[in-house]
C-alpha cells in the first residue's frame, strides 16, 4: 500500500486526501448518530428545528464542493 | 384509487411512445458490441451523470424514503447521506481506473491481472445474484404500483413492465437505456422540485415553520426531528450506512455506465452531475417532502383507512401528497414518474445482467475471448429475454415480499462481494484470484445467510420465534469478513499464478491512471 501511495501523482494524492476527509466526516456524522443521538436533538433558534438538520446539509454540500474542486483541478492538470 | 386517472393514462401513453421512439432510433446506432454495451463510448459526462442518478433513484428509493421519513423522521438521513459517500468513493477511487481498465463490465477491470476465466465466472455470478434480486424487487414494485394506480391486475402489470423493458434493452442496447434513464431522471427531478416548492409555499418558505409544524403534528413530537425512532442501536445504524455506502459503490448497473463516456475525465464529470442530481433530489426529499408529508397528509382524512392507517401503506405517501399539492393532474404526473422510474431502472439492470452472461460467462469465459462480436451481441439479446422472463416469473411467485428489504439485501450483497474485489484489485498488489474468490464467497454467503437467519426472514416470513442473528442489517459483519477473507487467502496463496498476478500490478496501475 505504501508503494502505491508513493507512485501516485499529486492529483491522485489529492483524491486520496479528499476521500479520507469525506470518510472522516461521515464517520463523525454517523458516530454521533449511533452513539450520541441526543446531540442531534438539540433545538436551534428556540424552535423545533434540531442541530442534526443543518449539519446534514453542511455535510452534503462539503462532499459536493470537494468533488467539484477535484474535477476542476483535474482540468488544470490536463 | 383504482379509477383511471386521465392525466396518468395520457402521460403513461406518451411516455411509452417516447421510449419506443428512443429505442427505435438507438437500434440504428447499435451495431457492434461496443455500441450495444457502452453506447460506442459517445455519451457525454452530463448525459451519463443524469443517467447514473436515474439508475440509483429507483421507485423504491423515492417512494420508500419518503414513506420512511413520514414514519421515522430524521432516521431517513442515513438513506440520503450514505449514497453521497458512495459517490465520493466512486469518484475519488474508482471512476478513473475503471474507465481506463475496463471495456464493458466490472469483470473487465478485475480480469486485467487476475486469472480471467475463474474471476470472470465469480464476478459475473455475483452480478447475476445482485441483478436478479434487484429485478424481483423492481418488478414487484411495478406490479403493485400499476395495480393501485391504474386498476390493472398485478400479473398483467408485471408482464407489461417486463415486455417493455426487454424491448428497450434487446433492441436499443445501452444507448436506448441511457436516454430512457435520462428522460425519467429529468421527469423525476422536475416533479420533486415542483413538489418541494409547492410544499414550502404552504409554509411561507420558512423551514422553521415547517419543522415546528412537524413537531406539533407527529405523534412523537419533536423527537421525530432527531435520530433513534427507526434505528435504535449503533450496530444497525452503522451496518445500514455501510451497506448503503459500499453497496452503491459496487452496483453493476451503475458502475458499467462509467464505460459509456469517451475518457476518464468525462467519467469523473459524470459522477459530479450524478452527485448534483442525486444530492439535490434527496435533499428535497429529506428536508422538505418527507417532513412536509407529516404535516400535510393528516389534514386529509380521505387518505386514511378505517384503522387510521394510510391507504396503500407508507410507500404511497408521495403519491397521496401529490394529490394534496397539485390535485388529480399532479397525482397523474407522479404516478407516471414512479412507473417510468421502474421501467428505466429495470432496463439498466437487465442490461448489466445480460452483459455479465454474454460478455463474461460466454465470450470471455467459455469462449476464451475467441467469440465474434456478432455472436456476443446475439447472446446478449437472448440473455435479455431470459433475464426478463426470470424476473417476471419470480415477481409473480414472490408477490407479497417486502420490496424495501430486498433492496437493502441487494446493497448488502453488493457491498460484501463486488466492492471489496474491485477496490482491492485496484489498490492492493497482494490480491490473488484465490483470495478474491474465497473472500468474495465468504462475503456472499455471510450477507445472504445472515439476512435469512435475521429478524425479517427468520421471524416475520418463516414464522420462527427468535432470530438466529439479532440484527436486520448484517453488512457490519459481512463486509469486514469479505475484506479479511481476501487478505488472508491472498497472503496464504504462494503459487506461481499468484506471483504472476502480483507482478502485473505495476502495469495495471500505470494503465489505470494513464501513466504509460
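The values are calculated or read from the model by the stated rules, or taken from the named source; none is laboratory data. Source: prediction; values computed, not measured. Methodologically, a virtual Cβ is constructed for each residue, glycine included, from the backbone with ideal geometry; neighbour enumeration extends over all protein chains shown.
Structure notes:
Yes/no matrix, rows are residues, columns are (1) facing another protein chain (nearest Cβ under 7 Å); (2) surrounded by 17 or more Cβ atoms within 10 Å (Cβ to Cβ); (3) at pLDDT 90 or above; (4) not in a helix (DSSP H, G or I):
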residue: A:4; (1), (2), (3), (4): yes, no, no, no
residue: A:11; (1), (2), (3), (4): no, no, no, no
residue: A:17; (1), (2), (3), (4): no, no, yes, no
residue: A:20; (1), (2), (3), (4): no, no, yes, no
residue: A:24; (1), (2), (3), (4): no, no, yes, no
residue: A:27; (1), (2), (3), (4): no, no, yes, no
residue: A:33; (1), (2), (3), (4): yes, yes, no, no
residue: A:76; (1), (2), (3), (4): no, no, no, no
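- Beta carbons closer than 6 Å, at least 6 apart along the sequence or on distinct chains, pair a first residue in region B:365-377 that is farther than 12 Å from residue B:116 by Cα with a second that is modelled with pLDDT under 85 and part of a loop (DSSP other than H, G, I, E, B) for B:373/B:32.
- For residue B:305: the one exception among (1) surrounded by fewer than 24 Cβ atoms within 10 Å (Cβ to Cβ); (2) away from chain A (no Cβ under 14 Å); (3) in contact (Cβ under 8 Å) with a residue 60 or more places away in the chain; (4) under 27 Å from residue B:405 (Cβ atoms): (3)
- Output for region B:19-35, where each listed residue is farther than 15 Å from residue B:171 by Cβ and assigned to a helix (DSSP H, G or I): B:33, B:34
- Every test in (1) modelled with pLDDT of 90 or more; (2) part of a helix (DSSP H, G or I); (3) more than 20 Å from residue B:141 (Cα to Cα) is passed by residue B:80 save one, and that test is (1).
- Residue count for region B:234-255 under the criterion of being without any contact (Cβ under 8 Å) to a residue 40 or more places away in the chain and assigned to a loop (DSSP other than H, G, I, E, B): the result is 0.
- Of the residues making up region B:457-477, not a single one is within 30 Å of residue B:263 (Cα to Cα) and touching a residue at least 12 places away in the same chain (Cβ under 8 Å).
- Residue in region A:51-64 that is within 7 Å of chain B (Cβ to nearest Cβ) and closer than 22 Å to residue A:5 by Cβ present: no
- Screening residue B:112 on (1) in a helix (DSSP H, G or I); (2) in contact with a helix residue (DSSP H, G or I) (Cβ under 6 Å, 6 or more places away or on another chain); (3) more than 14 Å from chain A (Cβ to nearest Cβ) shows it passes everything except condition (1).
- There is no residue in region B:367-375 that is buried (at least 18 other Cβ atoms within 10 Å of the Cβ) and in a helix (DSSP H, G or I).
- Considering (1) surrounded by fewer than 19 Cβ atoms within 10 Å (Cβ to Cβ); (2) facing chain A (nearest Cβ under 8 Å); (3) in contact with a strand residue (DSSP E or B) (Cβ under 7 Å, 6 or more places away or on another chain), the lone condition that residue B:223 does not fulfil carries the number (3).
- Residue within region B:479-502 that is surrounded by fewer than 17 Cβ atoms within 10 Å (Cβ to Cβ), within 14 Å of chain A (Cβ to nearest Cβ) and within 26 Å of residue B:114 (Cα to Cα) present: yes
- Residue in region B:95-108 that is under 23 Å from residue B:441 (Cβ atoms), in contact (Cβ under 8 Å) with a residue 12 or more places away in the chain and outside any helix (DSSP H, G or I) present: yes
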